[in-house]
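Novice: This is the structure I want to talk about, given as structure tokens.
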Amino acid sequence: MTQDARTASIARVQRELTTIGRRGTARVRRENEALSIVDRSLLAYIREHPGCRAIEIAAHYELNRSTVSRQLSALTESGCVVNAPDEHTGRGQALSITARGVDVLDAADEALRVTMTGRLRGWSEAEIAAFAAMLERYNDADGD
């Protein structure tokens, strides 16, 4: 592959990932869903990493801690997340998802799964598995 072809392909990937993000945001607004993509990602991370702290979430998503703290504040106010001092160190705020948070996240996940199932209709199992593997590889790559 020539450098020009590689650059053009990377631009296509960027364009398609942007389209995915914009469609997801539009769907949330259109369907008046309770969770934004940001809320969903934070709740999913907390569910997968109970007792995590905001600084760990910030590091995972490569965000500023203050940004994550603001986003978590809204989830705490809505009753989806609770925080308490870390029981081992007494420092930081160990985060946990509440029953309400689980319910809201499960509903958002199901709505997204329905949408994705429709978009992937006509794809073979091998194509879906390959797509998933490529996305995982992309997300695991060090972008520096």
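Novice: Along the three principal axes, how long is the stretch 25-144 when you take its alpha carbons, biggest first, rounded to the nearest angstrom?
Specialist: For the stretch 25-144, the Cα spread along each principal axis is 52, 36, 22 Å.
Novice: Quick check: the angle from helix 37-48's long axis to the longest principal axis of the chain, C-alpha only, nearest 10 degrees?
Specialist: Between helix and principal axis, roughly 60 degrees.
Novice: What's the carbon and sulfur percent of the stretch 26-131's accessible surface, probe 1.4 angstrom, rounded to a whole number?
Specialist: With neighbouring chains kept in place, the figure for the stretch 26-131 is 54 percent.
Novice: Just to confirm the filter: which trypsin sites (Lys or Arg not before Pro) across the stretch 49-107 are DSSP coil and have at most 16 other Cβ within 10 angstrom of their Cβ?
Specialist: Counting only loop positions with at most 16 other Cβ atoms within 10 Å, the trypsin sites (Lys or Arg not before Pro) in the stretch 49-107 are Arg91.
Novice: Just to confirm the filter: which GluC sites (Glu not before Pro) across the stretch 37-72 are DSSP coil and have at most 16 other Cβ within 10 angstrom of their Cβ?
Specialist: Qualifying residues, ordered by number: Glu62.
Novice: Another question, then. Between Asp140 and Ser36, what is 0.36 nm times their sequence separation minus the Cα-Cα distance? Round to one decimal in nm.
Specialist: Value of the extension gain: 35.1 nm.
Novice: Further question: Could you give the accessible area per residue of the chain, probe 1.4 Å, as a whole number in Å²?
Specialist: With the other protein chains kept in place, the chain gives 73 Å² per residue.
The values are calculated or read from the model by the stated rules, or taken from the named source; none is laboratory data. What you see is a predicted model; the values in this text were computed from it and never measured. For neighbour counting, all protein chains shown are included, and Cβ atoms are generated from backbone atoms with ideal geometry for every residue, glycine included. In case anyone asks, the SASA skips ligands and DNA or RNA and just uses the protein heavy atoms, side chains included. Shrake-Rupley method; radii C 1.70, N 1.55, O 1.52, S 1.80 Å.
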